[in-house]
Amino acid sequence: MFLNLAINGVMIGSLYGLIAMGFILIFKATGVFNLAQGELVMIGGFFFWWSLVSLGLNPVLAIVLALIFATLLALGIERYTMRPLIGEPVLSVVMMTLAISMILRGGSLIVWNPEVKSCPSIFPQNYLGFGSVSFAPYLFSGFLLSLFILLVFTLFFTYTKLGLKMRCVSDNQVGAQSIGIPISRIMAATWIISCLTATLGAIIFVSGIGTVSVDLAELGMKGFAVGLLAGLESLPGAVIAGVIVGVGEILASFYLDPLVGGGMGHLFPFLVMMAILMVRPYGLFGLKEIERV
Amino acid sequence: MDLSVPCGKYHTNYFQDQAVIRSKMQWGLLIGFSVLMVFLPLFIGNEWIGMINRMGVSVIAVLGLSILTGYCGQISLGQSAFMGVGAYTCAILASKVGLPFWLVIPAAGLVSGFFGIIFGLPAVRIKGFYLVMATIAFHYIFNFGILHLPRGLTGRESGIDVPAATLGGLVFNNETKMFYFIMFFVALSLFLGKNLVRTKAGRAFVAIRDNDLAAQAMGVNLFTYKVLAFFVCSFFAGVAGAVWAYHIRYIGLEQFTVWFSIWFVGMLIVGGMGSIMGAVFGVVFLRFFEEMVTVSGPLLNEIFPKIGAGIIFSGVNVMFGVVILLFLIFEPKGIAHRWEIFKAYYRLFPYKY
């Protein structure tokens with residue numbers, strides 16, 4: 001039983017890690033703490049549901065269409081909210097992500113209504129497993145996808161020119177611009193990649209649990225907890241922290257919920273995060289910042 | 001040059017230099033405004049009084065946030081949960097213990113302030129965005145706490161009724177009476193807030209906001225003042241929660257969600273950070289927008305029939321989001337900054353500077 005729970009925890013945790021990677025990516029490349037990540041996940045799920053169910057497309061086309069919508073959304077966010085704020089204090093930009101999250105949340109409630117919608121699964125229904133361990137196919141593909149995306153991101157930031165430029169921009173915007181890096185284009189690329197990651201995570205999650213609603217944004221909250229636990233700097237750290245949170249959550253809701261009467265699964269990621277932040281304020285894998293006056 | 005006094009007026013001693021209200025004109029305006037507020041309920045309808053009451057409660061909460069975020073530079077997305085702590089403390093003390101309101105409200109502030117200290121402690125080590133998460137985590141812990149404490153105490157998901165506040169034979173049980181009740185606390189909070197930021201602690205907060213390492217090097221004790229800022233912020237939130245509980249007379253978890261915390265931060269941005277008047281401007285401006293959405297709710301319901309009761313929440317969210325977005329792009333310093341420009345223009349007229 002314990003092994004089964006732990007393995008399921010690892011898989012769901014890697015999905016949290018995937019969400020957290022999209023969020024860490026924006027932080028790494030632009031220095032912005034994106035409080036709208038949960039809403040980006042939610043709207044990705046809605047895009048997918050809308051193309052799959054309302055338009056009746058086949059799953060592959062629906063995924064492609066959802067990714068195209070996510071790209072357009074990212075371009076819009078960058079052009080109309082982030083670009084006017086280049087050079088403003090980081091606090092203003094963070095507040096702007098709050099405004100984005102409010103607009104996305106309210107807008108999707110208006111467009112798609114608050115009711116919970118069912119979404120057909122694009123994964124096979126039978127459980128995979130070995131011995132006493134069994135897990136849902138969607139969790140397994142989420143696990144594989146997040147490992148794959150981790151690999152892609154790591155290579156991307158180490159070896160490609162765009163990746164190096166992104167690291168440059170995150171390090172010092174003014175400096176990057178003065179050596180000829182087009183900041184707005186780099187930021188657009190960052191937002192697109194982050195939105196795509198969020199949408200992929202949402203697609204797997206939505207078709208796995210079979211429902212879409214605005215509560216999907218809660219996934220973003222878990223993503224924040226995971227990202228901060230990891231330390232906002234390290235992409236592999238995000239997956240490891242995701243696994244810690246996922247395993248902790250599943251074990252807590254199985255072993256602790258009967259003792260306290262439910263709700264522990266939701267609380268646990270935040271308790272872990274708080275405890276670790278008290279000891280290591282810069283997260284598990286974050287860089288300890290040396291500050292000067 | 002000091003722009004806060006009209007041409008030709010000079011301060012001749014320290015007390016004049018330090019005064020909040022400096023000229024006869026300002027005294028006149030203050031007294032005139034106070035008299036206007038006293039007689040206001042006679043001239044406007046009940047729904048307007050209700051709106052002003054809701055604004056008043058938000059002013060107290062945003063004022064606390066203004067001191068924490070605007071003056072001390074620590075971000076908090078937990079203001080609504082701290083307000084919830086105050087409201088539940090008030091409800092329990094008033095209905096189960098039966099204390100009078102003038103004991104309950106400070107007690108609610110202190111209990112909320114105590115939780116503020118606990119969640120402010122990480123601020124000493126955690127910086128910036130990590131703090132946002134710590135305060136969001138408080139929302140989850142608050143929810144968990146209310147739903148798991150004994151049912152007789154918090155009422156869990158069914159909420160809890162609050163008796164009306166009484167003073168002698170006077171029972172504060174309608175909007176007009178609550179108007180005076182709330183305005184008393186708003187005035188008290190504004191007075192305290194305005195003066196707090198002029199004290200040693202207020203100057204220490206500003207130093208921490210501008211550069212905490214430099215402040216530490218100059219001898220500002222970061223631990224004491226950051227925790228103090230959190231205490232003050234959540235004390236105000238607790239008072240706001242308690243006043244809210246007496247006003248609405250029934251409290252439940254759904255009144256203290258993370259969205260309201262986000263709205264409070266939005267009000268702070270729109271009003272202008274680092275200004276006591278900014279809290280008032282922001283609340284009045286955004287709450288007025290909210291009322292417009294609420295009033296036009298039936299109309300919106302006809303346009304978007306499927307949404308039902310959620311229309312007000314979603315409409316307000318979209319509208320607040322757009323307003324905050326526009327303010328961040330076009331006037332990041334908020335309404336308070338415009339107000340200062342207007343005042344300087346008025347004093348210097350007909351000269352430009």
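Computed from the coordinates by the stated procedures, all read-outs in this text should not be read as laboratory data. Small disclaimer: the values here were computed from a predicted structure and weren't measured. Cβ placement follows ideal geometry from the backbone for every residue including glycine, while neighbour counts extend to all protein chains displayed.
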## Note on the structure
Expected vector for region A:122-133, Karplus 3J(HN,Hα) from phi with 6.51, -1.76, 1.60 and θ = phi - 60°, integer Hz, x for Gly and Pro, equals 9, 10, x, 7, 6, 6, 8, x, 8, x, 8, 9
### Task
Working from Cα positions, state the angle (0 to 90°, nearest 10) between the long axis of helix A:137-159 and the longest principal axis of chain A.
20
### Query
residue A:121 to residue B:295: FRET efficiency via 1/(1 + (r/R0)^6), r the Cβ-Cβ distance, R0 30 Å, to the nearest 0.05?
0.10
### Task
Starting from the Kirkwood radius over alpha-carbon pairs of region B:225-353, derive D by Stokes-Einstein at 4 °C in a medium of 1.567 mPa s and give it in µm² s⁻¹.
76
### Task
Measure up B:194/B:333; A:222/B:127; A:161/B:333; B:24/B:194 against 26 Å on the Cα-Cα distance and list the ones that go over.
A:161/B:333
### Query
Helix A:183-209: angle to the longest alpha-carbon principal axis of chain A, degrees 0 to 90, nearest 10?
0
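Please give the net charge around residue A:167, taking every other residue with its beta carbon less than 12 angstrom from that of residue A:167, where Lys and Arg add +1 and Asp and Glu add -1.
With Lys, Arg at +1 and Asp, Glu at -1, the neighbours total +1.
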### Task
Please compute P(r) over all alpha-carbon pairs of region B:12-89, binned at 5 Å starting from zero, and give each bin as a whole-number percent.
3, 11, 12, 14, 14, 16, 15, 9, 3, 1
### Query
If you look at just the Cα atoms of region B:110-231, how large are its Rg and its Dmax in Å?
19.2, 56
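Considering Cα pairs under 8 angstrom that are at least six residues apart, work out the relative contact order of chain A and quote it in whole percent.
Relative contact order of chain A: 37 percent.
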### Task
Give the relative contact order (percent, whole number) for region B:44-348; include only Cα pairs under 8 Å separated by 6+ residues.
32
### Message
For q values of 0.06 Å⁻¹, compute log₁₀ I(q)/I(0) with the Debye formula on a Cα-only model of the protein assembly as shown, without solvent.
### Response
-0.35
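For the protein assembly as shown, give the magnitude of the charge dipole about the Cα centre (Cβ charges: +1 Lys/Arg, -1 Asp/Glu; no others), in debye to the nearest 20.
In debye, rounded to 20, the protein assembly as shown gives about 1400.
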### Task
Considering Cα pairs under 8 angstrom that are at least six residues apart, work out the relative contact order of region B:122-238 and quote it in whole percent.
19
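Once you average over the residues of B:323-330, how many Cβ atoms of partner chains fall within 10 Å of each Cβ?
What the average comes to for B:323-330 is 5.
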### Query
Among B:172, B:318, B:14, which residue has its Cα positioned farthest towards the positive end of the charge dipole of the protein assembly as shown, with +1 placed on the Cβ of Lys and Arg, -1 on the Cβ of Asp and Glu, and the dipole taken about the Cα centre?
B:14
### Query
Looking at region B:44-348 from every direction and averaging, what is the projected area of its Cα convex hull in nm²?
18.0
### Per-residue average of Cβ from other chains inside 10 Å of B:73-81
1
### Query
P(r) of region A:58-103 in 5 Å steps, Cα pairs, percent per bin?
5, 20, 22, 19, 12, 10, 7, 4, 1
#### Entry: Nearest-ten-degree value, helix A:161-171 long axis tilted from longest Cα axis of chain A
80
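Over region A:125-232, what lengths in whole Å, largest first, do the semi-axes of the equivalent ellipsoid take, defined as the square roots of 5 times the eigenvalues of the alpha-carbon gyration tensor?
Listed largest to smallest, the semi-axes of region A:125-232 are 34, 16, 12 Å.
Which net charge results when you count Lys and Arg as +1 and Asp and Glu as -1 among the other residues whose beta-carbon is under 11 Å from that of residue B:291?
0
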### Summary
Looking only at aspartates and glutamates whose Cα falls under 14 Å of residue A:117's and that sit 8 or more positions away or on another chain, we get A:215
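Give me the orientation-averaged projected area of the Cα convex hull of chain A, in nm², one decimal.
16.6
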### Message
I'd like the Karplus ³J(HN,Hα) series for region B:51-59: coefficients 6.51, -1.76, 1.60, θ = phi - 60°, whole numbers in Hz, and an x wherever there's a Gly or Pro.
### Response
4, 5, 4, 4, 4, x, 4, 5, 4
### Charge dipole magnitude, Cβ of K and R +1, D and E -1 - chain A, Cα centre, debye nearest 20
640
### Summary
Note to self: C-alpha centroids of region A:1-49 and region A:241-293 sit apart, in Å, by 15
